[in-house]
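Below is one structure, written out as structure tokens; comments come after it.
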Amino acid sequence: MTEKIDISMFVHEKKRAAIMGIVNVTPDSFSDGNDGEKSIDKALRLIDEGADIIDIGGESTRPGAVEVSEAEEKERVLGLLVPLKKIRPDVCVSVDTRKSRCAKVFLDNGADIINDVSGLVYSPDMAQVAAKYNAKLIIMHSLSAGIADAAYSYNDVVSEVCSFLQKQKEFAISCGVAESNIIIDPGLGFSKNTDENFELIKNIKRLSDIAPVLIGHSRKRFIRDFLGIENVKDSDGATACLSVFAAASGCAIIRVHNVKQTVGFLHLADRLRSS
């Protein structure tokens, strides 16, 4: 059996950025929820392609998405989480959820990381659940409790996002979460326009002063709008390009749909630097 990945290797020692592969078990994902591939097969393929973490999403966060019941979210996620952990008990699994009661069930069934896209706003007791299990906790910036919506007017997007994440980090620590277990996500595409998203990417080093940073830019609309791309999957090359920049800027975790291409771009960048 392969030794289980120690995420601290990525988020603290910074040997390299960890690659988080996305597996949506939703019928209404903006990108790949209906791609026709069995989720377990997809997860195993992403691991083979170089994913260090598998991020399972049971509720779509696209604009206009309908909220999913706790029962439905649990059924969707456990349908992948349980068999994946049986086949690959060594793999690190993150679950993308806003609901603390769902998070508890997922942690009971082997999840290693809770990825709260609401930034501890939707379920204020999420931090206490993470603390109880000593789980890694990703806190994302969102002004809409984790559902992407129209852009918000910022005076200084970087300062305001940093302020929110610093506040939520301190709240999590007050609830018993170890500081070493906290990861932050600036929430690209969530209430932010194209310029604001790029400004946040350019300031990864500043965000890193708060906590290790996860960047979730994969297939986001701001990339397609900037390049004039219509098809979602046609933005994978641009996603990989931004991934190289994020890794070079000190990003701890890079969350992507196309793991193979991202890993390839990162290896190419490493080869050029070594030359």
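The values are calculated or read from the model by the stated rules, or taken from the named source; none is laboratory data. Owing to the predicted nature of the structure, the values given are computational and were not obtained by experimental measurement. Heads up, the Cβs are rebuilt from the backbone with ideal geometry, glycines too, and the neighbour counts pull from every protein chain shown.
Values computed for the structure shown
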read-out	value
Residue check for K104: at pLDDT 95 or above and closer than 29 Å to F171 by Cβ	yes
Count of region 209-229 residues which are surrounded by 17 or more Cβ atoms within 10 Å (Cβ to Cβ), part of a helix (DSSP H, G or I) and among the hydrophobic types (A, V, I, L, M, F, W, C)	2
Residue that is surrounded by the most Cβ atoms within 10 Å (Cβ to Cβ) [pool: residues in region 180-207 that are under 21 Å from A240 (Cβ atoms) and among the small types (G, A, S)]	G187
Residue in region 187-194 that is touching a helix residue (DSSP H, G or I) at 6+ places or on another chain (Cβ under 7 Å) and within 19 Å of A18 (Cβ to Cβ) present	yes
Every residue from region 189-233 that is in contact with a His (Cβ under 6 Å, 6 or more places away or on another chain) and either under 18 Å from K169 (Cα atoms) or of a type in the set (S, T, N, Q) (or both)	S218
Condition met for A127 (modelled with pLDDT of 95 or more, under 18 Å from the mean Cα position of the chain (by Cα) and surrounded by 24 or more Cβ atoms within 10 Å (Cβ to Cβ))	yes
Complete set of residues in region 89-106 that are under 18 Å from M20 (Cα atoms) and without any contact (Cβ under 8 Å) to a residue 60 or more places away in the chain	V93, V95, D96, T97, F106
Counted residues, region 107-127 - those being closer than 13 Å to S142 by Cβ, touching a residue at least 40 places away in the same chain (Cβ under 8 Å) and assigned to a strand (DSSP E or B)	1
Total residues in region 37-67, condition free of Cβ contacts under 8 Å to residues at least 40 places away in the same chain and either β-branched (V, I, T) or farther than 19 Å from S142 by Cβ (or both)	7
Qualifying positions in region 120-137 - at positive phi and touching a helix residue (DSSP H, G or I) at 6+ places or on another chain (Cβ under 6 Å)	L120
Breaking point among (1) in a loop (DSSP other than H, G, I, E, B); (2) within 14 Å of I138 (Cα to Cα); (3) of a type in the set (G, A, S), for G189	(2)
Search result, residues across region 230-275 that are within 16 Å of I201 (Cβ to Cβ), in contact with a strand residue (DSSP E or B) (Cβ under 8 Å, 6 or more places away or on another chain) and not in a helix (DSSP H, G or I)	G250, C251, A252, I253, I254, R255, V256
Within region 248-275, tally of residues that are farther than 14 Å from R219 by Cβ and within 13 Å of the chain's Cα centre (by Cα)	3
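Here's the yes/no breakdown for (1) out of contact with any Pro (no Cβ under 9 Å at 6 or more places or on another chain); (2) modelled with pLDDT of 85 or more; (3) surrounded by 18 or more Cβ atoms within 10 Å (Cβ to Cβ); (4) closer than 18 Å to D116 by Cβ:
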| position | (1), (2), (3), (4) |
| --- | --- |
| D6 | yes, no, no, no |
| K14 | no, no, no, no |
| N34 | no, no, no, no |
| K38 | yes, no, no, no |
| P63 | yes, no, no, no |
| V66 | yes, no, no, no |
| E72 | yes, yes, no, no |
| E75 | yes, yes, no, no |
| L80 | yes, yes, yes, no |
